[in-house]
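The next block holds one structure in the form of C-alpha cells; read it before the comments.
The values are calculated or read from the model by the stated rules, or taken from the named source; none is laboratory data. Quantities reported herein were computed from a predicted structural model and do not represent experimental measurements. We place every Cβ from the backbone using ideal geometry, glycine too, and count neighbours over all the protein chains shown.
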Amino acid sequence: MNPIIPKSQPDKPAESVLEWLLDSDPSIRWQVMRDLTNEPAEAVAAMRSRVATEGWGAELLKRQNTDGSWGDGASTPVWSSTLHTLQLLWNMGLDPLSEPARRAVDLVRAKVTWGPGFGDASFFEGETEPCINGRVIGLAGYFGEASDRLLERLLREQLKDGGWNCEAENGSVRSSFHTTICVLEGLLEYEKSRSATEEVTAARLQAQEYLLERRLFRSLSNGEVVALDKKTGQPTAWMSFSFPTTWHYDVLRGLDTLRNAGVRPDERVAEAVELVTKKRDADGRWPRENIHADPVGLAMEGAAGTPSRWNTLRAQRVLDWYSSGSQH
C-alpha cells in the first residue's frame, strides 16, 4: 500500500537547518550524517567514535561512580539514574566496542544490582517490570550483555493484544503504550545485536501492529484520541515530543521506532506524521516539549519551547522515511 503524504509535509531540510544540526555534539552530528546527509560510512563512523571522548557522551561516562552506578542514591534511586543514563548513551550511539564504553559496562556488570528485593540480580538480568526490563534487554543487546532469561520472561509476558503492561501482574489484560514502546525498542535492539529468532521477530511484529492498529495514539475500541485530556480536550504528553524519553511514550518516539524497525509506512501512520509536520516552526525546526523529571544528569538543550536539535533530527528523519515509502 502506498503511503498517503500529508499536504503540509515539508521538503528536505533547509541548508541552514542542517548546518545548525551539524553545529552540535558528536552524538547528534553522526546521526545527521548517517540519516539526513548520507555521508560515507567511514566519515559517519569517525564522528560516532567521538561520542565516547567528547561532549555529552564523555561527560556522562565521567560521572559514573566507582561502584559502576550513576546518581547519588539520595535525590533519586541509583537504579533509576543508572538505567536512564545508560539508555541515553545508547540513544546517543556510544560505540559499544569503544574502550570507554567497555570500561563502563564492565563495571555495571560486575557491581550493579537491583538490590535485595530482587535477589541482588545483576543489572543486565533485569527486575520484574516490563517497562524497565524492555529497556534493560535493549541495553544488554546493545552493549553485548544480553540475557536469555530476561528475554524469555518478556516473551512470556506479552499480552494477547500484542503489547505489554506493568500492571499485568495485577490482572490487566490491556497493554500500555508506555510499556510496549520500551519492550519493542528492546526487542529490536536484541535482534540487531544478536541472531534474530522466529519467536523474537514474531513478538516484535505483534508489538508494531499494536501501535499501527491504533494509529499510534487512538483507542482501538472507539477510535478516540487516547492522549487527550478528558476534562479540557487538549493534547496531553503523548502529543508532545520529548528527549530524553526514558520510559515515556509519545507519537514521535513511536514513529521513529517504526522507522528504525524498517516498517514500510502506510495510511495508518499518516495522521501521526501530520502531527509531526504541524509542529515544525517557520525556521524548519522542532521545539523541545514536555521535559521529563527522570534523572539523566545532563542538560543538553534549552527550556521547553526552544528549538531542539534532538527533536529536529528525529522528526526530520521520520518525515524522510514516510515520504520515501520504503524500508530503511
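So the values come out like this:
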read-out	value
Selected residue (only one of Glu167, Glu213, Glu198, Glu224 is in contact (Cβ under 8 Å) with a residue 40 or more places away in the chain and on the phi < 0 side of the Ramachandran plot)	Glu213
Residue check, Arg109 closer than 22 Å to Glu185 by Cβ, over 21 Å from the mean Cα position of the chain (by Cα) and of a type in the set (D, E, K, R)	yes
Tabulated pairs, segment 253-275, first farther than 18 Å from Glu185 by Cα, second in a loop (DSSP other than H, G, I, E, B) and basic (Lys, Arg), C-beta under 6 angstrom, 6+ apart or interchain	Arg268/Arg215; Glu271/Arg215
Lone unmet requirement of (1) closer than 29 Å to Ser195 by Cα; (2) at pLDDT 95 or above; (3) in a helix (DSSP H, G or I) for Arg149	(2)
Condition check for Gly162: out of contact with any Cys (no Cβ under 6 Å at 6 or more places or on another chain), buried (at least 18 other Cβ atoms within 10 Å of the Cβ) and not polar (S, T, N, Q)	yes
Pairs, first assigned to a loop (DSSP other than H, G, I, E, B) in segment 37-53, second surrounded by 15 or more Cβ atoms within 10 Å (Cβ to Cβ), C-beta under 6 Å, six or more apart	Glu39/Met33
Residue within segment 181-191 that is part of a helix (DSSP H, G or I) and at pLDDT below 95 present	yes
Filter pass, Gly68 being crowded, with 19+ Cβ neighbours inside 10 Å and of a type outside the set (D, E, K, R)	yes
Test for Gly254: is it under 19 Å from the mean Cα position of the chain (by Cα) and surrounded by 17 or more Cβ atoms within 10 Å (Cβ to Cβ)	yes
Helices (runs of 4 or more DSSP H) enclosed by segment 55-139 - at least 2 residues per element that are touching a residue at least 24 places away in the same chain (Cβ under 8 Å) and of a type in the set (S, T, N, Q)	78-92
Selection count, segment 78-108, where residues are farther than 19 Å from Ala299 by Cα and either at pLDDT below 95 or surrounded by fewer than 20 Cβ atoms within 10 Å (Cβ to Cβ) (or both)	11
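This table checks each residue for (1) closer than 26 Å to Leu188 by Cβ; (2) without any contact (Cβ under 8 Å) to a residue 40 or more places away in the chain.
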position: Asp281; (1), (2): no, yes
position: Arg285; (1), (2): no, no
position: Ala293; (1), (2): no, yes
position: Thr312; (1), (2): yes, no
position: Ala315; (1), (2): yes, no
position: Trp321; (1), (2): yes, no
